[in-house]
Amino acid sequence: MTAAGRRIPFSLRRGEAPAVYVLIAGFVGVVCLWPLARLLLEGVLPGGQVDLTPLRRVLDDPATWRAARNSLWAAACGTLLSVLIGASTALIVGLTDVRAKPVLVLCLILPLMIAPQVTALAWLQVLGPSSPLLQALGLAPPPGTRNPLYSEGGIILLFGIQHAPLVFLAIRAGLRRLPQDMVEAAHACGARRWQAVATVVLPLLAPALIAGVALAFVSAIGNFGIPALLGIPGRYTVLTTLIYQRLAGLGPSALAETASLSLVLGALAIAGLGIQGWINRGVDVRASAAMGPRPYPLGRWRLPVEILCWAIVFLVLVLPISALFATSITPTIGVRLSAATATLANYGFVLIDHAVTARAFRNSLLLAGGAATLLAIVAVPLAYFIVWRNARGLRLLAAAAECTYALPGVVLAIACILIFLNPLPLLGWSIYGTVWIILAAYLSRFLILALKPAIAGMQQSERAFEEAAVILGARMTTRLVTVVVPLVAPAAVAGGLLVFLTAFNELTVSALLWSTGAETLGVVVFSLEQSGESTYAAAVAVLTVLATIGLMLFASAFVRRLPAGTLPWQA
């Protein structure tokens, strides 16, 4: 730095960066661009030549349009419910003086961190003739009665609950960027609280609301766990379950057709994001001095509002998790739960006696831990080149990483099958049918989750330390190891933790990639429920929920060392 406080401009020394840059660019290109390119080639150039027959066959099939219509309708209605839940709770938390906000925020975001198949399984235990809670209250319908969640309405309900945290997070982030002076100016002009909210706050929140709606819609379009557990038994097919059923029934021979179906599903997801960008293009709500509005004191209304918030938490979180736990300690479906019948035998079975479940725990720990570790390591130099070196090529690759995360998981799974079904070029060996193909898919899908916190940490770090190292003659690798990594390590660890939390219970990708010996926890929960072993499935699901909550609390203990907004539930 000069005496005037200006930065000393400097550039990379010739030849010192290419090795690291090429390695990072190559990694991102392989895990993100290759799957996208391979899927497009299979949809348009199957066998290496132009052949649109599979795509025409898919588009001429009435089942495709029926599934697409169901996907769009369920996603749209579920998104409306997500907006109702997420926007209302975000406005209450962000604009009022309700108490216990950190705990409340954690509880409102937790449904997003719980795997969709676990959410579906938990809600199946709330309603229906086998519900332990309804049986204990004497309200269970007669045996043989169909569970009402096996329907379009059930899927819409759980879409709304599962993705409401996405709207909550988007609105909450928008509230943090609101200019406090504009709200105070409205009050100075005589506006009441509700008038200031209606005329100042809500218009400024329009881009955040649109972003939340787009995220919830795209997530619903690509959701597999909920429509698989509710839609397949209820004969309500969406595109994700149609792809799964076609590939599971016909095997690799249906790859061309499922690739074309995947392109249709991916087009719907990208269209949702494109509409968001088109709407936001004409919206300009930039303002200076964005400090966030001061919380409004609720006075005598604070307790009723707090009761409303915690009632929402009870309905969307406590009730289904309680029903899931009750099922996990029930000897068998149909037995009324009581102090005399409660048992932990189901946990003993899935942890000790059932070899597949024990192997799934090991595989999930290996895959989630491996992906989290590797992506956290890669994210640091990648963020360094993007933020401090403004590397345009890597910015484009980072955009590709966002695409692989935005695309539905089954689409990415089909791309990985296309890539790894045959032996790898030059190497001569294949990872198809092993856990390593799932790891490859995780690296592609979750790179952006590790990269975002690392970029935030890099943006909030002082670059003068690296400038000093350059002046002292330190080379690129030395600066990365001794300067950049210590500065960004907390954010990188937080990003790795987000990857682990997301991958540990994942099903959407692994449902199409698993094989005997390569099962994951998400696959085991789905398979046990599909085979009628609901008590065992509930026990595994409860263990995954406890692990998720424990990791979130562990990360929260270090929240003060992380850049603002690194953790979604960060206060």
**Report entry** Failed criterion for V105 (all others in (1) within 22 Å of P227 (Cβ to Cβ); (2) touching a residue at least 60 places away in the same chain (Cβ under 8 Å); (3) crowded, with 19+ Cβ neighbours inside 10 Å hold)
**Finding:** (1)
Query raised in the report: Would a scan of the stretch 494-507 turn up a residue that is buried (at least 22 other Cβ atoms within 10 Å of the Cβ), among the acidic types (D, E) and either in contact with an Asp or Glu (Cβ under 6 Å, 6 or more places away or on another chain) or in a loop (DSSP other than H, G, I, E, B) (or both)?
Result: yes
Report task. Might you let me know whether the stretch 367-383 holds any residue that is assigned to a helix (DSSP H, G or I), touching a residue at least 40 places away in the same chain (Cβ under 8 Å) and either farther than 29 Å from A494 by Cα or among the charged types (D, E, K, R) (or both)? Result -> no
Query raised in the report: Taking the stretch 136-162 as the search range and keeping residues that are out of contact with any Pro (no Cβ under 8 Å at 6 or more places or on another chain) and not in a loop (DSSP other than H, G, I, E, B), which one is surrounded by the fewest Cβ atoms within 10 Å (Cβ to Cβ)?
Result: L137
Requested in this report: Spot the failing condition for A391; the list is (1) surrounded by 14 or more Cβ atoms within 10 Å (Cβ to Cβ); (2) under 25 Å from the mean Cα position of the chain (by Cα); (3) small (G, A, S), and only one is missed.
Outcome: (2)
Report task. Look through L472, L480, L528, L567 and report the one residue that is at pLDDT 80 or above, at negative phi and surrounded by fewer than 24 Cβ atoms within 10 Å (Cβ to Cβ). Result -> L528
Report summary line: Conditions (1) more than 21 Å from L261 (Cβ to Cβ); (2) not β-branched (V, I, T); (3) not in a helix (DSSP H, G or I) -> Y432 fails only (1)
Query - Extreme residue, surrounded by the fewest Cβ atoms within 10 Å (Cβ to Cβ), among residues of the stretch 531-548 that are more than 20 Å from the chain's Cα centre (by Cα) and under 13 Å from V118 (Cβ atoms) - result: S534
**Report entry** Qualifying helices (runs of 4 or more DSSP H) (wholly inside the stretch 229-331; at least 2 residues being at pLDDT 85 or above and under 21 Å from the mean Cα position of the chain (by Cα))
**Finding:** 239-250, 319-328
Requested in this report: Determine whether the stretch 116-132 contains at least one residue that is within 24 Å of the chain's Cα centre (by Cα) and either over 19 Å from F325 (Cα atoms) or of a type in the set (S, T, Y) (or both).
Outcome: yes
Query raised in the report: surrounded by fewer than 24 Cβ atoms within 10 Å (Cβ to Cβ), among the hydrophobic types (A, V, I, L, M, F, W, C) and under 20 Å from the mean Cα position of the chain (by Cα): does that describe L72?
Result: yes
Report task. Starting from the stretch 132-150, keep only residues that are free of Cβ contacts under 8 Å to residues at least 40 places away in the same chain, then list their pairs with residues that are assigned to a helix (DSSP H, G or I) and surrounded by fewer than 18 Cβ atoms within 10 Å (Cβ to Cβ) whose Cβ atoms are within a distance under 8 Å, requiring at least 6 positions of separation or different chains. Result -> A140/L134; P141/L134
Report summary line: Residue set L546, L512; condition over 25 Å from W436 (Cα atoms) and in a helix (DSSP H, G or I); output residue L546
Query raised in the report: Hey, does the stretch 203-211 have a residue that's out of contact with any Cys (no Cβ under 9 Å at 6 or more places or on another chain), without any contact (Cβ under 8 Å) to a residue 60 or more places away in the chain and of a type outside the set (A, V, I, L, M)?
Result: no
Report task. Identify, from the list V183, V197, the residue that is touching a residue at least 12 places away in the same chain (Cβ under 8 Å), farther than 30 Å from A511 by Cα, touching a Pro at 6+ places or on another chain (Cβ under 6 Å) and hydrophobic (A, V, I, L, M, F, W, C). Result -> V183
Query raised in the report: Where residues in the stretch 515-525 are under 24 Å from the mean Cα position of the chain (by Cα) and not in a helix (DSSP H, G or I), which of them is surrounded by the fewest Cβ atoms within 10 Å (Cβ to Cβ)?
Result: S515
Query - Among the candidates T89, T64, residue that is touching a Phe, Trp or Tyr at 6+ places or on another chain (Cβ under 7 Å), assigned to a helix (DSSP H, G or I) and polar (S, T, N, Q) - result: T89
Report summary line: So, first residue free of Cβ contacts under 8 Å to residues at least 24 places away in the same chain and part of a helix (DSSP H, G or I) in the stretch 384-402, second residue surrounded by 15 or more Cβ atoms within 10 Å (Cβ to Cβ) and of a type in the set (V, I, T), Cβ within less than 7 Å, six or more apart or across chains; the pairs are R395/I386
Report task. From (1) over 24 Å from L553 (Cα atoms); (2) modelled with pLDDT of 85 or more, pick out the condition that doesn't hold for L507. Result -> (1)
Query raised in the report: Can you find a residue in the stretch 60-74 that is touching a residue at least 60 places away in the same chain (Cβ under 8 Å), in contact with a Leu (Cβ under 8 Å, 6 or more places away or on another chain), of a type in the set (V, I, T) and closer than 16 Å to A269 by Cα?
Result: yes
Query raised in the report: Given the residues F446, F465, which is the only one that is assigned to a helix (DSSP H, G or I) and surrounded by fewer than 22 Cβ atoms within 10 Å (Cβ to Cβ)?
Result: F465
Report summary line: Exactly one of V197, V218 is closer than 23 Å to R177 by Cα, part of a helix (DSSP H, G or I) and among the β-branched types (V, I, T), and that residue is V197
Report task. Might you let me know whether the stretch 163-179 holds any residue that is more than 19 Å from the chain's Cα centre (by Cα), within 20 Å of A115 (Cα to Cα), in a helix (DSSP H, G or I) and touching a residue at least 24 places away in the same chain (Cβ under 8 Å)? Result -> no
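The values are calculated or read from the model by the stated rules, or taken from the named source; none is laboratory data. Note that the structure is predicted; figures quoted are calculated from it, not measured. Every residue, glycine among them, receives a Cβ derived from its backbone with ideal geometry; neighbour counts consider all protein chains shown.
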